[in-house]
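Report on the structure given below.
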Amino acid sequence: KIGIMIETPSASLIIKDIIKEIDFLSIGTNDLTQYILAVDRGNKLVSHLYNPLLPSVIKSIKKIIYEAHKQNKYVSICGELASYEKVTLLLLGMGLDEFSMNSSYIPYIKNIIRKNKFKNATKISNLVLKQITLKKIEKWGGGRGGG
């Protein structure tokens, strides 16, 4: 099987074309966020601007998942975002198939998934994807805290 990592805005923009050539994909949220926002997360002068919950990042992730599922492709996610406890239901509601994270976060994320219904995740996802500002996204409880 052939899989790819989606880590750049250019790849996310042509996901419909790429998806035809692969069997599965993983979204690398650290790099994807950095490149969408044009913010070097390692630079102390601008790293405070790096936030994977900004609407442009969240909506890009949703688009990737949506297009992949239209072609019956499996989607996983890796990077810091996968371990954000407050974002677990959002990602599930967007249709994410698999989380990849540091093993120390697995019990917390697993617990969140077990305690909630998929219906709740879908509601959260629908609500968040309608938001156009970070403030509004964080209002529903999706702050950067978590893993």
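Dipole check for region 1-104: with +1 at the C-beta of Lys and Arg, -1 at the C-beta of Asp and Glu, and the Cα centre as origin, the magnitude is about 260 Debye.
Got the relative contact order for the chain handy, in percent, Cα pairs under 8 Å and 6 or more residues apart?
24
For MET5, the residues 5 or more places off, or on other chains, whose built amide H falls under 5 Å of its own are SER26.
The convex hull of the Cα atoms of the chain, projected and averaged over all directions, covers 8.8 nm². Pick from LEU45, LEU91, LEU13: which is most flexible by mean-square fluctuation in a GNM of the chain where alpha carbon atoms under 10 Å apart are linked? Highest fluctuation among the options: LEU45. For a straight C-alpha distance cut-off of 18 angstrom, the aspartates and glutamates reachable from LYS130 (same-chain residues fewer than eight places away being disregarded) are GLU138.
Gain on full extension, evaluated as 0.36 nm per residue between ILE106 and ASP31 minus their Cα-Cα distance, stands at 24.8 nm.
Return the subset of LYS20/LYS135; LYS63/LYS139; LYS63/LYS117; LYS1/LYS59; LYS59/LYS119 for which the Cα-Cα distance in this structure is over 31 Å, preserving the input order. Result: LYS20/LYS135 exceed 31 Å.
Coordinate-derived values only; no laboratory data. Everything numeric here is computed off the predicted structure, so don't read it as measured data. Positions of Cβ are generated from backbone atoms using ideal geometry, with glycine treated the same way; all protein chains shown enter the neighbour counts.
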